[in-house]
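The values are calculated or read from the model by the stated rules, or taken from the named source; none is laboratory data. This structure is a prediction, so every number in the text was calculated from the model and none was measured. For neighbour counting, all protein chains shown are included, and Cβ atoms are generated from backbone atoms with ideal geometry for every residue, glycine included. For accessibility, only protein heavy atoms count, side chains too; no ligands or nucleic acids. Shrake-Rupley method; radii C 1.70, N 1.55, O 1.52, S 1.80 Å.
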Amino acid sequence: MIRQALAAAALALAGLAAAEERIAVCHEYGCQVQETVVYSEERLAAIRRQLLTAGSASAERERLAQVIGQLYAWAGEQTAIRNDKGGNFADDGMPGRMDCIDHATTTTRLLHLLAARGDLRWHRVLEPDVRHFALIFPAHYAAVIETIDDTAERYVVDSWFVDNGQPAVILPLADWKKGAGPDV
């Protein structure tokens with residue numbers, strides 16, 4: 001009887017270890033289309049190992065840029081976002097194209113997934129932020145993280161600047177608000 005209970009407990013734990021995570025990915029501008037992507041525990045464990053090697057907030061941001069790109073690449077295996085190009089014009093008319101709202105929303109969801117799994121040790125996830133320039137330029141949105149220390153420094157995690165699967169751009173929020181970032 002004890003052996004059966006132990007075997008049942010082992011099976012239950014094995015089931016937990018093999019859990020998948022599902023995330024809704026936005027595309028077609030303004031989150032008009034949302035598709036569920038599935039991340040296997042094996043892939044998420046690889047992401048965890050990568051993030052947990054970070055010994056500082058700065059190192060975590062470096063790894064996080066890579067990780068967000070990888071998560072988007074895996075989502076691109078399951079959805080048309082594999083066609084997404086940096087900015088709003090290089091993928092014009094292609095299925096799976098993403099604007100900054102799609103990216104800010106999806107990246108925030110990915111960051112929340114990582115945080116919920118305990119993979120972020122140096123940052124917390126905040127709500128997306130927006131920057132405005134002049135009346136002729138539209139607003140631009142991005143995901144935001146904040147260091148978990150006395151400085152509470154804020155950074156944008158902006159995957160809109162890059163092609164699907166490439167590392168996200170992570171910049172101090174104040175610099176991003178002033179227009180910092182790649183020219184796309």
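Against the chain, whose longest principal axis is taken from its Cα atoms, helix 2-17 shows a tilt of about 10°. Ranked by solvent-accessible area (1.4 Å probe, protein heavy atoms only, all chains present), the residues R43, R49, R117 order from largest to smallest as R49, R43, R117.
Straightening the chain between M94 and Q32 buys 20.9 nm, computed as 0.36 nm per residue apart minus the Cα-Cα spacing.
H27 exposes around 10 Å² of accessible area when a 1.4 Å probe is run over every protein chain in place. Whole Å is fine, so just give me how far the alpha carbon centre of segment 151-171 lies from that of segment 41-94. So the separation of the two Cα centres works out to 10 Å. The calculated FRET efficiency for R124 paired with Q50, based on their beta-carbon distance and R0 = 22 Å, is about 0.70.
Using every Cα-Cα pair within segment 37-184, state what percent have a distance larger than 24 Å. Tail of P(r) above 24 Å: 28 percent of Cα pairs. Cα axis of helix 100-116 to longest principal axis of the chain: angle in degrees, 0 to 90, nearest 10? Between helix and principal axis, roughly 30 degrees.
Relative contact order for the chain: 21 percent, from Cα pairs under 8 Å spaced at least 6 residues apart, divided by residue count. Taking each DSSP H run with n ≥ 4 as -39500 (n - 2.57) and averaging over every residue of the chain yields -12500 deg cm²/dmol at 222 nm. Selection among A104, W122, W160 by position relative to the dipole of the chain gives W122 as farthest towards the positive end (Cβ unit charges, Cα centre).
Per residue, segment 38-174 exposes 45 Å² of solvent-accessible protein surface, assessed with a 1.4 angstrom probe and all protein chains in place. A simple charge model with +1 on the Cβ of Lys and Arg, -1 on the Cβ of Asp and Glu and nothing else charged puts the dipole of segment 131-184 at about 260 debye relative to its Cα centre.
Using the Cβ atoms and a cut-off under 14 Å, what net charge is assigned to the surroundings of S56, where Lys and Arg are +1 and Asp and Glu are -1?
Around S56, the surrounding residues sum to -1.
Compute the acute angle (0 to 90°) between the alpha-carbon long axis of helix 41-52 and the principal axis of greatest extent of the alpha-carbon atoms of the chain; round to the nearest 10°. Rounded to the nearest ten degrees, it is 70.
Taking the accessible area of segment 25-184, probe 1.4 Å, and keeping the other protein chains in place, the carbon and sulfur fraction comes to 51%. A simple spin-label model places the labels of K178 and D150 2.5 nm from each other, with each point 7 Å out along Cα-to-Cβ.
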